[in-house]
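Everything below concerns the one structure shown next.
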Amino acid sequence: MNLKPNQTFIFLYIVLFNSILFSQASQLMNSSEIILALEKLNTLSSVLYLAAHPDDENTGVLAYFSKGEKYRTGYLALTRGDGGQNLIGSETGEQIGIIRTQELLEARKIDGAEQFFTRAIDFGYSKSPEETFKFWGKESILSDVVWVIRNFKPDIIITRFPIDGSGGHGHHTASAILAEEAFYAAADSTKFIKQLKFVKPWQTKSLYWNKWRPNPEETIGLLNIDIGQYNPLFAESYSELAAKSRSMHKSQGFGATGRRGTNPEYFEFFAGDKPLKNLFENIDTTWNRVEGSLDIQRNINIIIKTFNPQKPSDSLPQLNNLFTNISGIKNNYWVDQKKKELLKIIQSCAGLWFEAIADDYSTSPGNSINISTTLVIRSNSDFTLKKLIFENNLADTSISLELQNNNPVSINSKIFIPLDYQISQPYWLMENNNGSIFEVNDQKLIGLSENPASVSVTAKIKSGNSELEFNFPLLYRWNDRVKGELYRTFEIRPPVVASIDKNVLIFSNNNENEIKVKLKSNTENISGKFRLNGNLKWKVTPTETKFSFNEKYEEKNLTFKITPPNIVDEAYLVSEIIINDKKYNNDLIEISYDHIPTQTYFPESKIKVVKMDLNKFDDTVGYIMGAGDEIPKALQNLGYKVILLDDSKLENENLQNYNAIITGIRAYNTRDRLKYYQPKLMEYVKNGGTLIVQYNVSFGLQTENIGPYNFNIGRDRVSEEDAEIKILDPQNPFLNYPNKITKVDFDNWIQARGLYFAENWDEKYTPIFSSHDTNESEKKGSLIYTQYGKGIFIYTGLSFFRELPAGVPGAVRLFVNLISAGKKNDK
């Protein structure tokens, strides 16, 4: 057994529902945090906050209840934000959902709450709860909300939105409706009976709405809390904590400034037991709610009173006795919860660190990994390591090792990963979904924020008369020359993955086109065959290619030629990797940002191929990126030469070299210096250029004068992707050159027609389309244009940023016409 002094260690123990361990590193608590944890140990109450999206939660309320009142506090978001935009990169859909999941988890580390989700997929803006429920399937999501309530057992539930629709977004209103129905259904033993194999019905005491900032006269009859209270243990108010928590929503640009001073939040009673003075007045928040716990609260009070912040380990004998006493009470929710909290307190008071470090950051099933598990205690405490267990029956080691103060001990292990071991795929993405709700086959996973650790370790330790079990994940550690010590989750990967260089390939004629496929090995000495399977109308050459790898992480590039059919057609070509008669078809996507842990997932490796009638020119296009989108790649795939225009190019280049210039979504919201280049862009148009401005939001515009003549950016949108489009003037050049645009070109659009339409425009602008959602008035601001000098200016809220990367034929044809507008103007 090797002794290795002066090591640095990281421990993880995060509990959700059934003690599932997540793959995130956490540090020991300092003395201030231990005091808060001890006070929380003596508080038996819980509150669940419920809303629709990442960013809907009131982080100040979460921080107040979690760190002020010391209640167990949770936030249930119906969705992971998959339908939102991204201000920090180009990820969309499933990838932005992964990012926002991790941003919420980082926020919860700050405000102290726990994070939950349903299986609902964020499909973008919805104007009504009826549309929302039709898309998701109301009963499915209601079932998930009930499941979380029955597991979490909240005493009160708070919604961010009311049921009257004033929250605007259909998802928002739907979240309030689901909260009300789940409030009753969770207590009803005739509802969602299959859940009762794992949980019992639960009756929450009261349901509230966290009301918007009311006028003084509107506060009558409302309950309130002051989240502006200052807590000297962490030297901040709950409002200041809230700003730090909210600032973790970086993909949405929600950086917040801390607020100091009184800051009331108001709550309107909704259902259940109605209190008179405060939210918890009818709720016992003490150990009295646990039968047989007569001395526990008194003992905790003694520990709090005698706690020495300079020497936390002095409390260990009392804490160990408390753990033994609590463990004597069986089958009680609060006892199970407090045991988990107490373990963390014992660990921190002892200065007990654990880490299990793999010699690489991944492996594949059928391979072995070398692991160094290190323990160190930083106190003169009686702790003896009795057993080390690698979960999922991978291995276990019996041992009897007394831990000595500040003397690290490392135990080296080698474990084998079975061939049928699950890869490290986000659980909600393991199965194909219908676009409305994630397919999750394991009931016990529903509600969880992320996956359990792929490989975890349990250390069984004897301390006094207590038998303690500490769980921690297998991680990989390395040193970055700038950032220092870094960690990432240990991953189980497919043996070989395939990445195709394009998501969509569009053909406008019968000529063959070329794609490249990068194969990457995640194991040594492996060989097999690769092919692209798909529609027989499409010819792929070669039909099959053999590969072999000697080294792990070795890569090889394959080239395939694809020939389209003679007819208009769409198909998916799916990768097929065949190794020892077993088929794999995974891509590998890695998401890396400084504010969240590195994320890896393995979607299906495929390419969409589209044969369409398309006329276009080989133009050079300038693109001004905004919040991040995939349109530049889509245009390159169409054959355009696309130049990204950074500030230097906008300032120094002759813009007349570009046949058209396009601004990405929210460019005028996110590009600080764009206002300085606006006169040059207008001069570009005046001299014959075509400028296409995609949607922006009216709040936070860098300049109010986006176009040559006045128009406003409103909040109008058409959220129904199949809403009828009326062509106002079929003879308009935009609709006839170089492609004839008809209503058919608006078939099969995804997610929405468009958003943030123009309104109140100058008479010099011409609208082209009219559309509306069900039971709403016509809206004509989805695309307006004007001639200015020799050129064309276009503003459009149509959702090209979603349609073009998805290869929607009609959207591609229309966008090509917009780029070509100046050419028709020259004729």
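List of remarks:
- Residue 673 accessible area, assembled protein chains, probe 1.4 Å, Å²: 100 Å²
- 14 Å beta-carbon shell around residue 526, net charge (K/R +1, D/E -1): +2
- FRET E, pair residue 763, residue 742, Förster distance 25 Å, beta-carbon r, rounded to 0.05: 0.35
- Mean-position separation - Cα centroids, the stretch 686-706 and the stretch 275-344, in angstrom: 60 Å
- Across 616/641; 743/780; 561/740; 344/460; 686/780, pairs whose alpha-carbon gap is larger than 18 Å: 561/740; 686/780
- Relative to the Cα centre, the charge distribution of the stretch 347-436, modelled as +1 at Lys and Arg Cβ and -1 at Asp and Glu Cβ, gives a dipole magnitude of about 220 debye.
- Given [x] 14, 42, 34, 10, 0; [y] 12, 38, 33, 14, 3, 0; [z] 15, 47, 30, 7, 1, 0, the label whose value is P(r) over Cα pairs in 20 Å bins from 0, in percent derived from this model: [x]
- Averaging the Cα positions of each part gives two centres, and for the stretch 561-622 and the stretch 400-440 these lie 29 Å apart.
- Under 16 Å of direct C-alpha separation, and excluding same-chain neighbours fewer than eight residues apart, residue 726 reaches these aspartates and glutamates: 745, 747, 773, 776, 778.
- Rounded to the nearest 10 Å², the accessible area of residue 236 at probe 1.4 Å: 30 Å²
- Residue-normalised accessible area of the chain, expressed per residue, 1.4 Å probe, Å²: 42 Å²
- The stretch 201-340, accessible surface, carbon-and-sulfur percent (1.4 angstrom probe): 48 percent
- Spin-label model, residue 481 to residue 291: label points 7 Å out along the Cα-to-beta-carbon direction sit 6.6 nm apart.
- Cα centroid of the stretch 86-100 to Cα centroid of the stretch 523-556, whole Å: 29 Å
- FRET efficiency for the pair residue 633 and residue 704, taken as 1/(1 + (r/R0)^6) with r the Cβ-Cβ distance and R0 = 25 Å, rounds to 0.20.
- Residue among 204, 156, 231 farthest towards the positive dipole end of the stretch 155-313, charges placed on Cβ: 231
- When the pairs 518/539; 200/277; 67/483; 70/305; 40/462 are compared against a 22 Å limit on Cα-Cα distance, 200/277; 67/483; 40/462 fall above it.
- Distance between the pseudo-spin-label points of residue 230 and residue 729 (7 Å out from Cα toward the beta carbon): 6.5 nm.
- Ranked order, 131, 139 - accessible area, probe 1.4 Å, largest first: 139, 131
- In this structure, the amide hydrogen of residue 783, modeled 1.01 Å from its nitrogen in the peptide plane, lies closer than 5 angstrom to those of 768, 769, 797, counting only residues at least 5 positions away or on a different chain.
- Gain upon complete extension [residue 318, residue 539; 0.36 nm per residue less C-alpha separation]: 72.1 nm
- Label-point separation, residue 213 to residue 652 (7 Å along Cα→Cβ), nm: 4.5 nm
The values are calculated or read from the model by the stated rules, or taken from the named source; none is laboratory data. On a predicted model such as this, the values are computed, not experimentally measured, just so you know. Every residue, glycine as well, gets a Cβ built from its backbone with ideal geometry; the counts of neighbours run over all protein chains shown. Just the protein is used for accessible areas: all its heavy atoms, side chains included, with ligands, DNA and RNA removed. Shrake-Rupley method; radii C 1.70, N 1.55, O 1.52, S 1.80 Å.
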